[in-house]
């Protein structure tokens, strides 16, 4: 998922500027809204959380290739394969077919001063931002070691990765993707990918290296 990491630092600066404006606006509006808060109606929640069958979920995304979602190993390979390639577009229908419609992508980034920021994307937001990066430069990513733990229909995978500009290049970055998967009885799905990168003071552990 390194494609979006290249734009993360630019987004941090814009996010801080937006936060400053939000804080100023909040101070100006606080006096006007103080009385309204006491009278605001309670938030109306739906009576029940939605329940999805395997067919319901499949109907909400493009049709998946059977070979992409038939097993845990298959969907892990597909995650990396679908985002890798030369400069240009990607098969975003195939990409969307791997993920629950509500899936999230989250990066924990560390600035040079050691401060932490969290960036999170929906599927549509990831397609937009990663697509912008891939349109300008090649990007290839492969897993190094996948370390899964499974309980019933859920699986958590610590997947170390290496990102390259060409399959033959040395990696320009490595890290770990924390990938949550589920099996609905018919196929495998990706629920979430959370990642952090290798850096000074945060090397990949030996068990995540071949």
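The values are calculated or read from the model by the stated rules, or taken from the named source; none is laboratory data. Bear in mind the structure is a predicted one, so any value in this text is a computation, not a measurement. Because the Cβ atoms are built from the backbone with ideal geometry, glycine has one as well, and the counts that use them run over all protein chains shown.
Remarks
- Flag for residue 109 being surrounded by 13 or more Cβ atoms within 10 Å (Cβ to Cβ), modelled with pLDDT under 95, in contact with a helix residue (DSSP H, G or I) (Cβ under 8 Å, 6 or more places away or on another chain) and closer than 22 Å to residue 194 by Cβ: yes
- For segment 93-120, filtering for residues that are over 13 Å from residue 83 (Cβ atoms) and under 10 Å from the mean Cα position of the chain (by Cα) leaves 6.
- Scanning segment 153-203 for residues that are outside any strand (DSSP E or B) and out of contact with any helix residue (DSSP H, G or I) (no Cβ under 9 Å at 6 or more places or on another chain) gives 153, 165, 166, 167, 168, 169, 170, 171, 198, 200, 201, 203.
- Top-ranked residue of segment 50-88 - restricted to ones that are closer than 22 Å to residue 152 by Cα and part of a loop (DSSP other than H, G, I, E, B), ranked as modelled with the lowest pLDDT: 50
- Looking only at residues in segment 137-157 that are in contact with a strand residue (DSSP E or B) (Cβ under 7 Å, 6 or more places away or on another chain) and within 16 Å of residue 189 (Cα to Cα), the one that is surrounded by the most Cβ atoms within 10 Å (Cβ to Cβ) is 157.
- Qualifying residue in segment 201-209 (condition: under 14 Å from the mean Cα position of the chain (by Cα) and at pLDDT 95 or above): no
- Residue within segment 112-123 that is part of a helix (DSSP H, G or I) and at pLDDT 95 or above present: yes
- Any hit, segment 130-146, residues being part of a helix (DSSP H, G or I), over 16 Å from residue 197 (Cα atoms) and without any contact (Cβ under 8 Å) to a residue 40 or more places away in the chain: no
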